[in-house]
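Notes follow the structure.
The values are calculated or read from the model by the stated rules, or taken from the named source; none is laboratory data. Keep in mind that this is a model prediction, so the values were computed, not measured. As a convention, Cβ positions derive from the backbone with ideal geometry for all residues, glycine included, and neighbour counts pool all protein chains shown.
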Amino acid sequence: MKINPAPLHLAQTIITGLVIVFSIAILGTSAHTLDVYKKQQSTNPWWMTMWPEHFDTQGTKALLASAVVTFVLSAVFLVLSLIPKLALRQKYTLRALISLGTILPCFLLTLITVVWAHILNRNTPERDTIQTWTCRYKNDRAVPQDMSVPDRLSNSNFKGLCQESKFALYGTLIVFLLLGISMVVTMVTWLADKWAARQQRKEAEMGNVPS
């Protein structure tokens, strides 16, 4: 039975590409929410300027860090797998080892990050994260709607920050699932490559047998 591993290689590349895209998006959203918080926390009364210790930003920082690590490692594998001189498709065991070496750390990191972020979110109302705070007060009004208040002194951006925070968290969960799928695809691809190489050797040996 002949096996063509090319579709599996393509699937692996597509999944890695999706991981990179999600990581960039998570990096952007989590970095933006953290930046807004840092800029407004000391001046915007909606951020409880007198009680900065009420907020826990460790979850957002963890999401940001996991996105950076996942992006870098996934990009490394994608670049290495596409460099013709390395010919990783022929070196299928090396390709699988590099793939697993870049996936496993990201897989564990995203798992820990998602669990930790959920735990921090459940500490509300004793302590709030950027997500829990902005999602709770995104629709509140401190003054009548016909009165204009500068954005830096209002909660006008809370709705966007709430959505971005949720995306960063659940996007990381999606990345975790994609990495899990990628591990399975890596192993299946390695087996398919090994089987295909074995079949090629058999065909070559049969072709060299004198009639």
Would you mention how many residues in region 91-120 are surrounded by 19 or more Cβ atoms within 10 Å (Cβ to Cβ) and over 19 Å from residue 15 (Cα atoms)? 4
Mind listing whichever residues of region 157-183 are of a type in the set (D, E, K, R) and either closer than 17 Å to residue 75 by Cα or free of Cβ contacts under 8 Å to residues at least 24 places away in the same chain (or both)? none
Go through 49, 60 for me and flag whichever is within 19 Å of residue 127 (Cα to Cα) and not in a helix (DSSP H, G or I). 49
When you look at residue 211, is it at pLDDT 90 or above, small (Gly, Ala, Ser) and either in a loop (DSSP other than H, G, I, E, B) or crowded, with 16+ Cβ neighbours inside 10 Å (or both), yes or no? no
Test residue 15 against the stated conditions and say whether it is surrounded by 13 or more Cβ atoms within 10 Å (Cβ to Cβ) and not in a helix (DSSP H, G or I). no
For region 143-163: of the residues being part of a loop (DSSP other than H, G, I, E, B) and under 18 Å from residue 36 (Cβ atoms), which is modelled with the highest pLDDT? 157
Selection from region 1-50 of residues modelled with pLDDT under 90 and of a type in the set (Val, Ile, Thr) yields 3, 43, 49
